[in-house]
1. Six or more apart or on different chains, Cβ atoms under 9 Å: show the pairs whose first residue is in segment 200-214 and within 15 Å of TYR13 (Cβ to Cβ) and in contact (Cβ under 8 Å) with a residue 60 or more places away in the chain and whose second is assigned to a loop (DSSP other than H, G, I, E, B) and small (Gly, Ala, Ser).
2. Mind listing just one residue for me: the one in segment 22-63 that is part of a helix (DSSP H, G or I), under 24 Å from MET356 (Cβ atoms) and not aliphatic (A, V, I, L, M) and, of those, nearest to the ligand (Cβ to nearest atom)?
3. I'd like the residue in segment 236-261 that is within 10 Å of the ligand (Cβ to nearest atom) and among the hydrophobic types (A, V, I, L, M, F, W, C) and, out of all such residues, is nearest to GLU167 (Cα to Cα).
4. Give all pairs with beta carbons closer than 7 Å in which a residue from segment 94-110 that is at positive phi meets a residue that is among the aliphatic types (A, V, I, L, M); count only pairs at least 6 apart in sequence or on separate chains.
5. Which number in (1) at positive phi; (2) more than 13 Å from the ligand (Cβ to nearest atom); (3) in contact (Cβ under 8 Å) with a residue 24 or more places away in the chain marks the one condition that GLY76 misses?
6. Of all the residues that make up segment 194-235, how many are in a loop (DSSP other than H, G, I, E, B) and away from the ligand (no atom under 13 Å from the Cβ)?
7. Out of segment 269-324, which residues are closer than 27 Å to ASN228 by Cβ, surrounded by fewer than 19 Cβ atoms within 10 Å (Cβ to Cβ) and of a type in the set (Ser, Thr, Tyr)?
8. Go through segment 1-21 and give me each residue that's acidic (Asp, Glu) and part of a strand (DSSP E or B).
Amino acid sequence: MLSFWEKRSFTRYDRVVIGSGIVGLSTAISLKERHPKASVLVLERGLIPTGASTKNAGFACFGSLTELLEDTRLMGEEDALHLVRSRWEGLRKLRDRLGDDAIDYQNHGGYELLFEKELACLDQIDTINRWLTPLFPSPVFQTRNDRVRAFGFNPQVVRSMVFNPHEGQIDTGKMMRSLLQLAREMGIEIRTGAEVLSLQEHSEVDITVRSNGHDWSISAGQVAVCTNAFTLALFPGLPLDPGRGIVLVTKPIKDLKFKGTFHIEQGYYYFRNFNDRVIFGGGRNLFREQETTTRIEINEQVVNVLKQKLDDIILPGSFYEIDHAWAGIMAFGKDKQPILKKHSDKIFLAARLGGMGVAIGSNLGEQIAGMMG
Ligand SMILES: Cc1cc2nc3c(=O)[nH]c(=O)nc-3n(C[C@H](O)[C@H](O)[C@H](O)COP(=O)(O)OP(=O)(O)OC[C@H]3O[C@@H](n4cnc5c(N)ncnc54)[C@H](O)[C@@H]3O)c2cc1C
């Protein structure tokens, strides 16, 4: 039972954000920037953010050549360019807001490794570079085949490599700690271990929250639901599919030959250096049924595929050891456009960020805060 004081001071907020991933925290920060006097509360079911934002690979990217070719085919050139703009602006916002040092932003560029069957896409580099000129006046993509051997990749398999100088990498843990710290400094309250079970709309929104085995009721003038793949539990009809991503990190490797972010097979596999380690993830496409899940667990079959690719393509002939593996949950839809929706006058949704939420998350937070007025 709540005390008189608890009821007066802890159960009513002007705005409540559900989920403390990059979108939830960015939304809360943007709301507070717009309404410094408003009370803003973030409710997070985990002890720390527990979805994708603390578990990603830390690519600060906006799409590889083959991904962008596929996006223009699926979405049309205009919508696909809009999406690239949104990612690029999101990255700028993230970097400006937190500072490059705080998130350990490093710009070593990004590369796509092309196999024999993908070489035809090289004919379209000029077309894609022209299409990108509204955002990047100088050509973005260029081939760098000389680096295949220099980086130690298997030249029998990797037949070409395309470089993008605008790609960077961040320390995901530092980014999320910085966002949490900034939110707290701005006076945003963050409650962890607080799982939202349901929302009921009356003159305000009544939020039922389970914490420590007890159910609480909190009311809010407006609510932003930023729970990405987990949104289906609150809004079952939403058009999104969860997708699990599995990532490995090696122990430090002596004389690691490459630095940068790397994409393989339209981004289904991705790897980068983290200091002198390799972070490598992907393989979801091979086990779609098992990986369409919100269960944060390791699938050993995926781990084995990743190890095989390290042996055959990325680190052939090198000695390495796996230090750690983990899983995180993304949300996907029929195209890569995120869901940004006014569900009612008081409830707003932002979800389905796919595999580029680091890029687009800050922008989406700004947009949802704008919709809330
Ligand atoms: C393995 C992996 C690698 C990735 N690599 C990259 C990359 O390199 N670059 C990139 O740009 N993107 C990457 N992504 C994608 C990116 O991480 C996501 O798009 C982004 O983090 C999504 O942010 P979000 O805030 O929408 O969702 P999330 O981070 O999933 O946040 C949702 C939050 O809501 C909370 N929550 C859920 N339900 C409730 C509830 N009922 N009550 C209270 N809280 C709730 C969850 O615990 C979670 O903290 C990767 C993702 C994964 C999984």
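1. The qualifying pairs are VAL205/SER344; VAL209/ALA194.
2. Of all residues in segment 22-63, those part of a helix (DSSP H, G or I) come to 22-34.
When the remaining residues are screened for being under 24 Å from MET356 (Cβ atoms), the result is 22-31, 33.
Adding the requirement that they be not aliphatic (A, V, I, L, M) leaves 24, 26-27, 30, 33.
Numbers: GLY24: 5, SER26: 8, THR27: 9, SER30: 13, GLU33: 18 Å.
Checked segment 22-63; the qualifying residue nearest to the ligand (Cβ to nearest atom) is GLY24.
3. Our first condition is that a residue be within 10 Å of the ligand (Cβ to nearest atom); within segment 236-261, this holds for 242-247, 261.
So of that shortlist, the ones also among the hydrophobic types (A, V, I, L, M, F, W, C) come out as 246-247.
On the way: ILE246: 22, VAL247: 20 Å.
Once the filter is applied, the top-ranked residue is VAL247.
4. ASP104/ILE170
5. In the conditions (1) at positive phi; (2) more than 13 Å from the ligand (Cβ to nearest atom); (3) in contact (Cβ under 8 Å) with a residue 24 or more places away in the chain, GLY76 misses (3) alone.
6. 5
7. Within segment 269-324, THR292, THR293, THR294 meet the criteria.
8. If the condition is that a residue be acidic (Asp, Glu) and part of a strand (DSSP E or B), then ASP14 is the only one that fits.
The values are calculated or read from the model by the stated rules, or taken from the named source; none is laboratory data. Not measured: the values here are computed from a predicted model. Cβ: placed from backbone, ideal geometry, glycine included. Neighbour counts: every protein chain shown.
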